[in-house]
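One structure is given here, and the rest of the page talks about it.
Read-outs: derived from the displayed coordinates by stated rules, not from any lab. Since the model is a prediction, treat every value here as computed from it, not as a measurement. Here the Cβ positions follow ideal geometry from the backbone for every residue, glycine too, while neighbour counts run over all protein chains shown.
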Amino acid sequence: MGRILLEIKLERIPIGGMGISAAAIDDVVGWILLGVATALVTASFNAGQLLLQFFVGPWLLKLWRENVHDADEKGMPNSFLAVLLIGLFASCLITHYLGIFVIFGAFLFGTCLHKEPTLVKAWRDRFSGMVLVAFVPIFFTNTGLNTKIGSLQTPEAWLACAFVLAAAVAGKLGGCFLGARLTGQPTREAGCIAALMNTRALMALIAINIGLDLGLLTPALFTMLVIMALLTTAMCRPLLRWWLPKELRKLVPD
């Protein structure tokens, strides 16, 4: 959603801000539910250890950085980078042994450090290019390798896929449109917010891959959900352009 808004230069208008804010809350709730599901599957969750890891650990890292870190032009010397990576990988290992999928370790570790703007900027300067060029394509390649279109061999399977897509669109697009209207948003603005919220993209693919790794999804259902995530993401820009108020359409590049 953020990338789409940046491309059409609408990230700073109220519609864009409301969509991103709603998506952030939606993602937090989704991560919590996914974490609960993972803990139930593995049956080895320990809340006390989790709180110790993600509140005490980042606090100690922040304290070390403030007292030991030597400022340089990049804002992140190699010594601090090494400690940061050790903390990151340790968080992933701890969540694994706590019975939660390892990606939650990285996610929560980053969440606890997000209030450090200089640290966030230094991290992006060092790793954003590598993540976009290397890690994201690898993730999508892995998702593609797990997607078995051939598993949908019968008309009933494709009908089920269509039902999954319809349910997803009705739940997100229809639900968010109704919610926006009930809070007083005009019809076109409500449609724009609904179109933005209907986007699944990377976060949905991460959740789907976790479900497959945990054995919660069959290969056929995984394929259906991947198709749903891709189609609902592709729907966003045309729907957004269609619903945009006339005064905002001139801001959108062709």
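Worth pointing out:
- Report note on the peptides 143-153, 83-93: ranked by the mean count of other C-beta atoms within 10 Å, highest first, their order is 83-93, 143-153.
- Per-residue 3J(HN,Hα) values for the range 168-180, derived from phi via the Karplus relation 6.51 cos²θ - 1.76 cosθ + 1.60 with θ = phi - 60°, read 5, 5, 5, x, 8, 5, x, x, 6, 4, 5, x, 5 Hz in sequence order (x marks Gly and Pro).
- Descending by average beta-carbon neighbour count within 10 Å, the peptides 24-35, 192-203 line up as 192-203, 24-35, the highest first.
- Equivalent ellipsoid of the range 148-254: semi-axes from √(5λ) of the C-alpha gyration tensor, largest first, are 31, 14, 13 Å.
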